[in-house]
2 protein chains.
Amino acid sequence: MRLGMRIALSLRSWRNFVPLIGVLTHYRRHDLSHDLLAGLVVGMVTIPQAVAYAYLAGVPPQSGLYACLLPMVIYAIFGSSKQMVVGPVAVAALLVAATVSEYAPKYSDAYLAITSVLCLQIAGILWLLRLSQMGGLVNLLSHPVITGFVNAAAILIIVSQLPGLSGIALGDAESPLADLANLIGAVDQLEPLTLAFGLSTLAFLVASKRIIAKCLTLIGVEETQDHPATRTGPMLAAVISIILVSFLGLNGNLQTVGFVPAGLPTLVWPNFDLALWLNLMPAAAIIAIITYVESYSIGTTLAAKQQTRINPHQELFALGAANMGAAITGAYPVAGSFSRSSVNYSAGARTPLSSLFCALVVVLTLTFLTGLFANLPKAVLAAIVIVSVIGLIDFKSSRKHWSVYRHDSWTELATMSLVLIFGVEVGLLAGVGISIALFIRSSSQPNITQVGRLDDSEHFRSVKRFEVTTYPNILALRVDENIFFANATQIEDRLLRRALRRKDTKHLVVVCSSVNMIDATGLMMLYRLNSHLAEANISLSLSDVKGPLMKQLSNTDITQSISGEVFFNTDQAIKQLAPNSQLADQPHENT
Amino acid sequence: MRLGMRIALSLRSWRNFVPLIGVLTHYRRHDLSHDLLAGLVVGMVTIPQAVAYAYLAGVPPQSGLYACLLPMVIYAIFGSSKQMVVGPVAVAALLVAATVSEYAPKYSDAYLAITSVLCLQIAGILWLLRLSQMGGLVNLLSHPVITGFVNAAAILIIVSQLPGLSGIALGDAESPLADLANLIGAVDQLEPLTLAFGLSTLAFLVASKRIIAKCLTLIGVEETQDHPATRTGPMLAAVISIILVSFLGLNGNLQTVGFVPAGLPTLVWPNFDLALWLNLMPAAAIIAIITYVESYSIGTTLAAKQQTRINPHQELFALGAANMGAAITGAYPVAGSFSRSSVNYSAGARTPLSSLFCALVVVLTLTFLTGLFANLPKAVLAAIVIVSVIGLIDFKSSRKHWSVYRHDSWTELATMSLVLIFGVEVGLLAGVGISIALFIRSSSQPNITQVGRLDDSEHFRSVKRFEVTTYPNILALRVDENIFFANATQIEDRLLRRALRRKDTKHLVVVCSSVNMIDATGLMMLYRLNSHLAEANISLSLSDVKGPLMKQLSNTDITQSISGEVFFNTDQAIKQLAPNSQLADQPHENT
């Protein structure tokens, strides 16, 4: 009995830890065809993307494919999202290139070794966040900061692909603007054939959804709008361009991928150079946080569509494990891919098994099809990257909310500009700093509203917005903010001024319905306010103090120290403080 | 007519700018005796303190007296506080010594020249804060940070006086702990006579209030408790020790102040060495902010006792001007003095004229009495400093609020330790950082409470704390926090989980009575929450949205986008959403 229970318990905790066990024990046979189809479709989308992002990250093409192997399988085992596909993504590739290219030339063995160290560090940081339960830290990246960062990253990625698209070779420049200038300066080195391939792929990809949907309609498929096959444009473009290059013999006139070693990755062990580790640490922390934020948001969106939840702790662990897998297989940092995850979802994936089938497609490709890449033009890959990241750019929300959320729009613009000019670390840190500063600033200028009785009800509302009854000897002021160090002095000042300015005031009632927290600085302020008011013969009362706050305050002696009382609500405060109950019901002019 | 009005107007604006004009035009003859007495008493307190703090600051004794001359007069002219006394203070002296001693040996001419530059920079920073209306920035120094800092400063000051008290000469050490260790190591160099003077002065000063009060009673004075004469202990100690040293001829065996040049200060112009200016800037900013915070809090406390207010803008200007006065007269940075201001107040000062009389005492001292300082033992000054700053140490509030405000207590302890170990800049910045981090952290874990109808009233309160009526198909959740980037994801998660967990829920009403602000991240969250709930056939409504927030939200399309409605209050939401009005009044079990 006890043993059985123990096994049941340990099985249960194993299931929490390895969600795939739960998936497999409840697996229904008819899910299989769905997962298989989805896995194949995602595989078709994955392969050209993986090779294209490998160039963006500065690693050889096979590393891109390796990133879709062990990491993807590991996430399928440990991840709490049923449809999220983990693997190479554009933003992480950009960050890897920006970091590692400072230490070694791109595509070199040394570069790849450093990338492995980076993967290991990312895994370590994600696990550390998991162990210390600090995953909530990522919430400091506000929506405007993320939007600004992603916009900047997309612009950087697009600029980085222009040389590949046009055939113009560029040295390393300091900034995307300098890159653009160099590009325009070297316009005479443009290779017409490369540009022709690049631009026609761009044009095809932009129109591919509609083209493929039309073809599907022609062959009698219904509901072509979001058919998964419409996402196979990149694969089609790759196949068509390989055929063109091979049959027209263009591989001498055009940069192509060239030799890609066949076979599965061998295990590698990252080297331990302490100085390098310390140098990479800040970049690793940023990539880890970005990885987690993006993956978590993809996972949540997909889970919500099925009214399920994902487990943030488990996600931290699973993403860490996936990056550990990347570290030991010569791949590069992985994250949840928005495009491939949505293809997976819309192709009907039911369980993480679809990721396993996708990995199988990658294995088959690595085993039998690497020869095909020899004639794949790099310009086509550049076009694939550009079209993938154009969808990331979002200026709409900033424009839309400009009038209401000007602060947030400024934060977004500032983050974007700082990332573009000073790089990702500075830009993101500054963005977080600006978010916090603006929040503290807005909290430090609270609304303080005089409230009065609404008709004969027990409701008290702002005298400015409603026809309410006030009482000459009672001033009821609602403080619309937590009372804490950044605003305590100002609140004290304004409460005192308004109480002293209004001649007949005998009682000040501070309505705390919107006060969720009073810190030590706020408490000191209340003591001071009380004694200052007492010197003017005005009593200080509180009303509508919420449960948790009341519990906290009753551990101090403020409730006994104030000259007035703590009332359950404003209605009771008025009833008790008004000179007599007759008077209390007579309306008075607002003051 | 127009000219008269113009003069009246300009006189009025001049009066705002130069409060002393207003004071003098309304001056009543019988105020004069009060101000004169207070000025004399404050002068008696000021002179020994000024000389003692000069040694602490590392400047010659006359500089301490100069700091009570032009700066004090300037503040009396421009300051908005009627009783605050500006001049040398212990904490600023400590900060000056810590800063300037890195660039020149103490008591040298070069040291004094650098101190003048520091005064000038402090003046500039205070004026900049005034011009940019950024005085509110100082609110970032929360109560725990200030308390922690002042405690650490007091400890540093006391340790710095131990050599003077004991006659042990010490080199510059890195930390107060090292200083203490060196002191104990050099205990054989102790000068018994110095220590005897030091310790007996300490003992006398600690008991001086009671001793003087008793003497006053003996000579028939009533109400001796807070009699201003009880504050003249330091002056008495100085006079008695000068008499002892002179008559017993001890000045060969004892370190004394020695030669102090007679006469008023001459004007000096600070030099402009750009590198030095840049190096001093961070310290100047910190001294300026501490100066303002301390002075403002003294001014507010005194003003409140007379039910008046002080003007923060004018204070910034006046303190800046006072420091400018210090810069050009070879003095050192000045601030409002807590001890001398309260002596001034309790001695009955009515107007800033008392400061002018106090300055007169200083002028007379500088002109006729500098010879007396020759035999004033430094050990007596050390004892005066120690007793002055012991009163600054405050561990009570931290102990008192430990159980309720543990975060704040930790912030206080951390600030104190960091100031002691790493110095003032690091300690204060870290303290502000910790305050902000803890505030963001507490805001990121909001209370979300289910509310129900209280009896038959229109009030809705927590189901956990009150016997309330809830409705099976409506879940009313009150979010007790602003909805912003640091908590949006968590609020989304918890609202969604609670709505899905409760089986019959058809309507989720988010009660916003405690929400004062929703930022762009929060708004995005509401859109997402709405669509996630819609997939589970649950409508999303808001209630009790306050005026300013409603105004902001109505500029977005969230009010139209949500599947439910925005209700005026929870009562109306329930009445409309409950299946029919009969059912709405039937109580149900809490869920």
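Laboratory data are not the source of any read-out in this text; all were calculated from the coordinates shown. Bear in mind the structure is a predicted one, so any value in this text is a computation, not a measurement. FYI the Cβ positions are ideal-geometry reconstructions off the backbone, even for glycines, and counts take in every protein chain you see.
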Amide hydrogen neighbours beyond the local backbone of A:Val509, cut-off 5 Å, H modeled: A:Leu475, A:Ala476, A:Leu477, A:Ser541
Find every distance from the label point of B:Ile21 to the corresponding label point in the other copies (7 Å from Cα along Cα→Cβ) and write them in nm, one decimal, shortest first. 8.4
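Checking the table A:Lys546/B:Lys551; B:Lys214/B:Lys378; A:Lys551/B:Lys546; A:Lys106/A:Lys209 against a 30 Å threshold on Cα-Cα, which pairs fail?
Values: A:Lys546/B:Lys551 25 Å; B:Lys214/B:Lys378 28 Å; A:Lys551/B:Lys546 25 Å; A:Lys106/A:Lys209 34 Å.
Over 30 Å apart, Cα to Cα: A:Lys106/A:Lys209.
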Inter-copy distances for B:Ser246, nm, shortest first, label points 7 Å along Cα→Cβ, are 11.2
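As a footprinting exposure proxy, order A:Met550, A:Met525 by other Cβ within 10 Å, with the fewest listed first.
Arranged by neighbour count, lowest to highest, A:Met550, A:Met525 become A:Met550, A:Met525.
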Counting only DSSP beta bridges with both residues in chain B, tell me the antiparallel percent, nearest 5. 50
Using a Debye calculation, one point per C-alpha and no hydration shell, please list log10 I(q)/I(0) for region A:361-423 at q = 0.23, 0.25, 0.28, 0.30 Å⁻¹ in order. -1.02, -1.08, -1.11, -1.12
Computed over region A:400-443, the convex hull of the Cα set has an average projected area, in nm², of 3.0
Per residue, what volume in Å³ does the Cα convex hull of the protein assembly as shown take up? 257
On the first, second and third principal axes, largest extent first, how far apart are the outermost C-alpha atoms of region B:312-464 in Å? 81, 40, 29
Interchain or long-range residues, amide H under 5 Å from A:Phe567's placed H: A:Leu542, A:Ser543, A:Asp544
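Dipole size in debye (nearest 20) for the protein assembly as shown around its Cα centre, Lys and Arg Cβ +1, Asp and Glu Cβ -1?
Details: 78 positive and 72 negative charges, 384 e Å.
Roughly 1840 debye for the protein assembly as shown.
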Just to confirm the number: angle between the C-alpha axis of helix B:378-390 and the first principal axis of chain B, 0 to 90 degrees, nearest 10? 20
So for region B:2-394, taking the charge dipole from beta-carbon charges (+1 Lys/Arg, -1 Asp/Glu), which of B:Ile184, B:Leu356, B:Leu248 sits furthest toward the positive end? B:Leu356
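Only bridges with both residues in region A:448-584 count here: give the DSSP antiparallel percent, nearest 5. Could you put the intermediate results ahead of the total?
Working: 9 of 22 bridges.
Roughly 40 percent of the beta bridges in region A:448-584 run antiparallel, per DSSP.
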Does anyone have the angle between helix A:274-305 and the longest principal axis of chain A? Alpha-carbon axes, 0 to 90°, nearest 10? 80
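Over chain B, what is the relative contact order in whole percent, taking alpha-carbon pairs under 8 Å and six or more residues apart? Write down the numbers at each step before the final one.
Values: 1001 pairs, mean separation 125.3, N = 591.
So the answer I get is 21 percent.
How would B:Val86, B:Val404 line up from fewest to most surrounding beta-carbon atoms within 10 angstrom? Numbers along the way, then the final one.
Numbers: B:Val86 34, B:Val404 20.
If I rank by nearby Cβ atoms, fewest first, I get B:Val404, B:Val86.
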Simple spin-label estimate for B:Arg28 and B:Ser403 in nanometres, 7 Å along Cα-Cβ: 4.9
Which ³J(HN,Hα) values in Hz, rounded to whole numbers, follow from the phi angles of region A:44-53 under the Karplus curve 6.51 cos²θ - 1.76 cosθ + 1.60, where θ = phi - 60° and Gly and Pro get x? 4, 6, 5, 4, x, 4, 4, 5, 5, 5
Scattering profile of region A:2-394 from the Debye formula, Cα beads only, expressed as log10 I(q)/I(0) at q = 0.08 Å⁻¹, is -0.41
By the scheme Lys and Arg +1, Asp and Glu -1, what is the net charge of all other residues having a beta-carbon under 13 Å from that of A:Gln49? +2
When the charge dipole of region A:448-584 is computed with +1 at the Cβ of Lys and Arg and -1 at the Cβ of Asp and Glu, the Cα pointing farthest to the positive end, of A:Leu526, A:His459, A:Thr505, is that of A:Thr505
Computed magnitude of the charge dipole of chain A (debye, nearest 20; Cβ of K, R +1, Cβ of D, E -1): 1200
7 Å along Cα→Cβ, label-point gaps from B:Ile448 to other copies, nm, shortest first: 3.3
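How many percent of DSSP beta bridges within the protein assembly as shown run antiparallel, rounded to 5? Write out the running numbers ahead of the final one.
Details: 24 of 50 bridges.
In the protein assembly as shown, DSSP labels about 50 percent of beta bridges as antiparallel.
In cubic angstrom, how much convex hull volume per residue do the alpha carbon atoms of region A:79-179 span?
On the way: hull volume 15.3 nm³, N = 101.
Per residue, the Cα convex hull of region A:79-179 comes to 151 Å³.
Note down the relative contact order for region A:417-510 as a percent, whole number, built from C-alpha pairs under 8 angstrom at least six residues apart. Numbers along the way, then the final one.
Numbers: 111 pairs, mean separation 23.2, N = 94.
After rounding, I find 25 percent.
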Angle between the Cα long axis of helix A:406-422 and the longest principal axis of chain A, 0 to 90 degrees, nearest 10? 40
Tell me the relative contact order for region A:400-443 as a rounded percent, counting alpha carbon contacts under 8 Å between residues six or more apart. 31
Taking θ = phi - 60°, what integer Hz values does the Karplus form 6.51 cos²θ - 1.76 cosθ + 1.60 yield along region A:185-196, in sequence order, with x for Gly and Pro? x, 9, 5, 6, 8, 4, 9, x, 5, 4, 4, 4
